[in-house]
Protein chains: 2
Amino acid sequence: MPHDEERQRRSRATGRLTLADVAREAGVSPITASRALRGTRGVDPALVLRVQEAAARLHYVPDPAARALASARSAHVAVLIPLLSNALFVDLLDAVQRTLMPAGYVTLIGVTHYDAAEEEALLRNYLAHRPSGLLVTGLDRTPDAAALIAASGVPCVHLMETSASAGQYSVGLSQQAAGRAITEHLLAASRRRIAFVGAQLDPRVLQRLEGYREALRAAGAHDPGLELLEPAPSSLALGARLLERLLARRPDVEAVFFCNDDLAQGGLLAALRLGVAVPGRLAVAGFNDLAGSDQMLPPLTTVRTPRAEIGRAAATMLLRLMRGEAVEPASLDLGYELVVRGST
Amino acid sequence: MPHDEERQRRSRATGRLTLADVAREAGVSPITASRALRGTRGVDPALVLRVQEAAARLHYVPDPAARALASARSAHVAVLIPLLSNALFVDLLDAVQRTLMPAGYVTLIGVTHYDAAEEEALLRNYLAHRPSGLLVTGLDRTPDAAALIAASGVPCVHLMETSASAGQYSVGLSQQAAGRAITEHLLAASRRRIAFVGAQLDPRVLQRLEGYREALRAAGAHDPGLELLEPAPSSLALGARLLERLLARRPDVEAVFFCNDDLAQGGLLAALRLGVAVPGRLAVAGFNDLAGSDQMLPPLTTVRTPRAEIGRAAATMLLRLMRGEAVEPASLDLGYELVVRGST
DNA sequence: CTGAAAGCGCTTACAG
DNA sequence: CTGAAAGCGCTTACAG
């Protein structure tokens with residue numbers, strides 16, 4: 001057939017199997033095949049079956065680029081988190097992916113390293129891929145970053161915090177309430193001189209600090225000299241160093257609330273090394289309940305945050321928003337749980 | 001203009017800024033605008049400038065779906081790793097993303113959880129997005145998974161191991177040589193009854209075990225009764241339990257090579273709890289040099305693996321393959337480094 | 001060095 | 001419930 005030869009000569013055909021092949025195989029038009037495969041209702045069930053069988057027989061796989069171009073909606077969800085080296089975010093991501101993938105979405109993961117400029121760059125980059133949805137960590141960002149999100153019109157759910165502002169979707173917990181609770185636990189163990197040791201100083205750490213202050217002020221035991229704030233990133237080594245610094249500066253300290261378990265584990269190991277009895281002389285608490293905290297000597301008292309549940313709920317909320325459904329309430333507080341172990 | 005009205009009425013126009021708008025603004029044809037923006041050579045530099053300025057002025061962002069459809073090549077690279085809760089893979093990923101993103105690629109990250117079926121499902125899912133490149137962990141996979149990769153024709157680089165087989169691209173290190181080296185270090189510290197404690201039992205752990213056996217056989221000190229193999233996933237808690245089991249079974253053991261630092265840290269903490277002197281009565285070594293290993297009591301002797309370098313080199317190699325360039329050699333061995341600390 | 005035409009593989013909007 | 005036409009926003013292949 002000369003027509004086919006001509007086509008072949010000038011063609012840019014990729015040789016790939018297309019919807020047209022499936023339609024031909026099933027004896028229907030491409031549009032019907034498209035509808036049958038997407039599960040659009042209002043197609044004769046017999047035809048749906050025929051098309052599905054034809055697609056399976058030919059091992060047909062739809063082209064996401066063509067689909068995205070024609071429908072103006074991609075299968076991408078962009079997820080921005082500060083760090084992957086924190087088990088918290090790993091658990092969060094795992095839950096997000098397990099929820100989104102069965103729904104046909106693929107995640108674009110961006111790591112901001114707690115850097116506002118990097119977050120902005122990632123946002124610009126990922127938004128250029130026209131994702132159908134957006135998951136970001138926390139509520140605070142640069143005005144430019146916030147404007148980028150708003151201007152994109154892409155549905156967005158904020159992770160790890162709870163939001164009061166209208167039109168802001170979020171799933172998380174009250175970091176401040178959790179910080180208050182663990183401090184109250186320390187007070188209940190008859191400690192008065194309770195220190196706060198924080199690093200990284202991202203918004204959630206500062207909210208925990210606020211909770212700590214609340215609890216101590218209520219007990220009339222707040223002492224700013226017991227707050228040790230370090231902007232460097234958290235690590236076991238930093239936790240150890242900060243405990244030593246605290247002990248040197250305030251030998252009278254009776255308890256420490258480390259803003260996360262990495263720091264607390266390092267502090268616990270330093271106490272062991274220095275021969276500081278825990279909890280005898282010093283009670284120690286952490287935050288997040290990370291791997292290994294239950295193996296410390298003594299096991300670490302901490303706050304368990306429901307990150308898997310947060311990931312699942314946030315992804316589910318986003319799925320609804322992407323379908324254009326109304327979501328109520330816009331903000332979900334999934335709480336926290338005190339895990340009391342030997343260190344307090 | 002009635003024509004425009006007609007267009008508007010029937011139109012599916014997204015209202016987005018297109019290449020045609022940029023071309024009009026710059027006073028050139030869309031093809032020229034396309035070429036100018038993509039940096040195709042053979043375009044008048046003056047025109048390139050004019051188009052770039054027009055694009056910037058209008059804040060034009062190309063549509064990746066249209067680009068992918070027209071050019072038959074996506075901007076995606078799929079990356080498959082076993083776990084995100086292992087710092088090793090986090091460092092690897094970070095390096096991969098930092099290399100790939102500036103080149104205009106976006107990564108699709110898939111976590112297999114060391115599950116062959118899950119890897120296959122992820123592969124199928126991500127391959128459907130027609131990525132331009134593929135990065136997978138290790139060389140061993142199910143025949144179906146390997147066939148999927150081969151049939152896709154997508155350039156693929158294997159991570160963490162070195163490959164002997166032709167046509168297999170890989171960047172990593174000899175896990176076996178590293179396992180042998182750390183065992184020889186233990187032998188050099190005049191230990192004879194050296195145990196191997198392994199979990200997860202993925203191919204790389206088994207290669208380390210092979211290196212351990214090699215070293216012990218060469219020294220005439222191999223004793224199968226000192227091998228403790230546990231298929232469960234690694235964790236500090238498991239390391240502690242396995243050390244206790246080992247000590248109960250073989251009180252005469254003089255040294256332990258844990259197949260990774262998670263296990264070794266747990267073992268070290270258990271030894272501390274049990275009052276087993278390290279390295280006095282028992283020498284302990286790990287693998288990977290993870291965060292916290294230098295903070296243990298005593299600090300953990302381990303093997304540092306160059307995962308950031310591996311990530312960077314593998315991504316660079318993939319970039320070449322995606323450009324259709326020849327890559328020589330196909331397999332890169334980036335080595336390892338013994339980190340001797342207090343535990344041996 | 002530049003451009004008019006055609007096409008990538010889907011889905012939308014309309015008509016029947 | 002089904003389909004012919006048009007279009008999504010780019011790039012390829014060809015011609016000049």
Legend entry - Estimated FRET transfer efficiency (B:Arg24, A:Arg124; beta-carbon r; R0 22 Å; 0.05): 0.35
Legend entry - Per-copy distances of the B:Gly225 label point, shortest first, in nm (7 angstrom along Cα→Cβ): 6.2
Legend entry - Antiparallel DSSP beta bridges within the protein assembly as shown, percent to nearest 5: 10 percent
Inset, instruction - Can you pull the one-decimal nm distance between simple spin-label points at B:Val340 and A:Ser165, each 7 Å off the Cα toward Cβ? - result: 5.7 nm
Legend entry - Partner chain coverage, peptide B:125-133 - average Cβ within 10 angstrom: 3
Inset, instruction - One decimal, nm, shortest first: give the distances between the label point of A:Ala151 and those of the same position in the other copies, each label point 7 Å from Cα along Cα→Cβ. - result: 4.5
Legend entry - A:Arg273-B:Leu274 pseudo-label distance in nm [points 7 Å out on the Cα-to-Cβ vector]: 2.4 nm
Legend entry - Placed amide H near A:Phe196: partners under 5 Å, 5+ positions off or other chain: A:Glu227, A:Leu228, A:Phe257
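What does the helix-only formula give at 222 nm for the protein assembly as shown: each DSSP H stretch with n ≥ 4 adding -39500 (n - 2.57), the total divided by the residues, and the result rounded to the nearest 500 deg cm²/dmol?
On the way: 26 runs with 316 residues, N = 688.
Mean residue ellipticity at 222 nm (helix-derived): -14500 deg cm²/dmol.
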Inset, instruction - Just check the range B:89-166 against the gyration tensor rule for me: Cα atoms, a ≥ b ≥ c as the square roots of the eigenvalues, rounded for a/c under 1.5, and otherwise prolate or oblate depending on whether a/b exceeds b/c. - result: rounded
Inset, instruction - Quick one: which residues, 5+ away or cross-chain, put their amide H under 5 Å from the amide H of A:Glu337? H built at 1.01 Å from N. - result: A:Arg304
Inset, instruction - Grab the beta carbon distance between A:Ala147 and B:Ala181, set R0 = 45 Å, and tell me the FRET efficiency rounded to 0.05. - result: 0.25
Inset, instruction - Would you please state which residues of the range A:168-212 a label at A:Arg320 would reach in this model, taking the label point 7 Å out along Cα→Cβ and a backbone N cut-off of under 16 Å? - result: A:168-172
Inset, instruction - Excluding A:Val28 itself, calculate the net charge of residues whose Cβ lies under 11 Å from the Cβ of A:Val28, where each Lys or Arg counts +1 and each Asp or Glu counts -1. - result: +1
Inset, instruction - From other protein chains only, count the Cβ atoms within 10 Å of every residue's Cβ in A:55-63, then give the mean. - result: 2
Inset, instruction - Could you tell me whether the range A:175-304 comes out rounded, prolate or oblate from its Cα gyration tensor? Rule is a ≥ b ≥ c as square roots of the eigenvalues, rounded for a/c under 1.5, then prolate if a/b exceeds b/c, otherwise oblate. - result: rounded
Inset, instruction - Using only atoms on other chains, find how many Cβ atoms lie within 10 Å of each Cβ of peptide B:293-302 and report the average. - result: 3
Inset, instruction - Provide B:His185, A:His222, A:His76 in ascending order of the number of other Cβ atoms located within 10 Å of each residue's Cβ, fewest first. - result: A:His222, B:His185, A:His76
Inset, instruction - Using the Cα centre as the reference, give the magnitude of the dipole from point charges on the C-beta atoms of the range B:100-210 (Lys, Arg: +1; Asp, Glu: -1; all else neutral), rounded to the nearest 20 debye. - result: 420 debye
Legend entry - Extension gain from A:Ala103 to A:Glu328, taking 0.36 nm per residue of separation minus the Cα-Cα distance: 78.9 nm
Legend entry - Principal axis box of the protein assembly as shown, alpha-carbon based, largest edge first, Å: 86, 69, 59
Legend entry - Simple Cβ-charge dipole of the range B:271-327, Lys/Arg +1 and Asp/Glu -1, about Cα centre, in debye nearest 20: 80 debye
Legend entry - Fraction in percent of alpha-carbon pairs per bin - 10 Å, chain A: 5, 21, 24, 18, 13, 8, 6, 3, 1, 0
Legend entry - Rounded FRET efficiency, nearest 0.05, which uses the C-beta distance separating B:Ser190 from B:Leu229 and R0 of 35 Å: 0.85
Inset, instruction - State the Kirkwood hydrodynamic radius of the range B:62-132 in Å, one decimal place, computed from all pairs of distinct Cα atoms. - result: 13.1 Å
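Rule-based calculations on the coordinates, nothing more; no lab input. Here the structure is a predicted model, which is why all the values come from computation and not from measurement. Note that each Cβ is placed from the backbone with ideal geometry, even for glycine, and that neighbours are counted across all protein chains shown.
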